[in-house]
Amino acid sequence: MYLNYRPVVAPAEREQTEALWDCCFEKREEAFFQYYFNNYCFRRNRVLGGFLRRGEEEALAAMAHINPYVLQLRGREQAVPYLVGLAVTPEERGKGLLREMLGALFAALEKEGHAFAVLMPIYAGLYLPSGFAFCYLRHRYEVPAKYLRAWLPKYSFTVEEVPLENAANALAPLYEKYIKHFNGAALRDSFAWQKLLAVHAGEEVKCALARKEGEAQGYILYQKQPGRLEIVEEASLDAEAKHALLLRAAELAEPEDEVSYAAAEDDLTYLYFPQQRLSGKTEPFMMARCLNVKAALQALVPAANLPRTSFTLRIEDAFIAENRLTLRLALAPASLKTEEERGGEADINMDIAAFTQLYFGVFSVDELQRAGRVQIAPGREEGARLLAALLPKQRTWINEYF
């Protein structure tokens, strides 16, 4: 191993962490940097450092920030680390240190009992070789405000501005209702809301709340920029509330300004648009990685209507040896047992990336098979149907950035 990997603890090491962040991401003077290192980093999260010995001292050459999250996954709450700030110093790049650091990181997280980790890549090619896969898609819109004003239907909603410092009590119940329909969504406690709104306040984000007959039905968090209004988060309980909030955003912007926002992959707002060129596009967003296949399967709560039968599943993992295995999955109503098998042809074969995507529900077994990511042995189609029943496709969505 080229570097010595251990938690960043000492004050001098923390200063090196800040310097590397300033080099690769936000600058020290920016609002996010100030909040992150003054209020969050080393207090609420951990940093794994890769240190290079130089004489009698060690210098930070690589780092990964491990931020704690809880996700809704397949009907259960799972602690899933959100990896941010993965970086290598400029002088040590090109030596394969990211791969080496990910290996050390995976080992540490799996030892702690984590079955998955997530990250938002700047360049996916850095993480695909280590088994990360896109597990969230989003529909991105960039629409001039004048068109939203003209195209969206009008409803009898009251939309009011809410100061961010008073917003958590109103937004949290709405968010909780909104995410019930999504797999992979992040749960937020009071500190998560405090963190989110504090960062947004520093970046001059505003909040608008939609009410109908006095009841809150949705909100947007938005930021005005030159020639653009960016909706950084939207959560609404129905299409009418969403449209009312989008209209509010369009009214706050200049007619020629673009209103930019990201929605879940299955968002159908574009059905109201007569100009298809402005209908937006679906794009990959967040990646995930299974660290422990057995633990992931043991966390499942199978449907009550599953038959009493079994099939075999082969997983390949070029990065984590313990995930290279063949399992017999024994199904029963609301029950799943796994047993490792040696030898023989499996009913279904896939790599760890496809398994992660299937678990998060972004794609179905059939979709992954047609993409060449899942292989079904001849005559073993029944196993594929059982796997599809165990891990059906889901509505996946997340809106977290650090």
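Just so it is clear, none of the values below were taken in a lab; they were calculated from the coordinates. Because the structure is predicted, anything quoted here is derived from the model rather than measured. No Cβ is skipped: glycine too gets one built from the backbone with ideal geometry, and neighbour counts run over all protein chains shown.
What to note about this one:
- Equivalent-ellipsoid semi-axes for the chain (Cα gyration tensor, √(5λ), whole Å, largest first): 37, 31, 18.
- With Rh defined as the Kirkwood radius, the inverse of the mean 1/r over Cα pairs, the Rg/Rh of region 138-283 is 0.94.
- Computed [θ] at 222 nm, helices only, for the chain once each DSSP H run of length n ≥ 4 contributes -39500 (n - 2.57): -8000 deg cm²/dmol
- Modelled FRET efficiency - R0 25 Å, PHE32 with GLU283, Cβ distances, 0.05 increments: 0.65
- Averaging the sequence gap over all C-alpha pairs within less than 8 Å and six or more residues apart, then dividing by the number of residues, gives region 138-283 a relative contact order of 39 percent.
- Table column - 3J(HN,Hα) (Hz), region 189-194, Karplus curve with 6.51, -1.76, 1.60, x for Gly and Pro: 8, 5, 5, 4, 5, 4
- Remark: for residue pairs LYS180/LYS393; LYS180/LYS294; LYS337/LYS393; LYS180/LYS212; LYS177/LYS393, the C-alpha separation exceeds 18 Å in LYS180/LYS294; LYS337/LYS393; LYS180/LYS212; LYS177/LYS393.
- Here's the list of aspartates and glutamates a cross-link from LYS206 could span, going by alpha-carbon distance under 16 Å and ignoring same-chain residues fewer than 8 apart: GLU160, GLU161, GLU165, GLU230, GLU233, GLU234, GLU251.
- Global form of region 274-330, assessed from the alpha-carbon gyration tensor, a/c cut-off 1.5: oblate
- The ranking of HIS65, HIS114 from fewest to most other beta carbons within 10 Å of each one's beta carbon is HIS114, HIS65.
- Dipole magnitude for the chain: computed about the Cα centre from +1 point charges on Lys and Arg Cβ and -1 point charges on Asp and Glu Cβ, it is near 880 debye.
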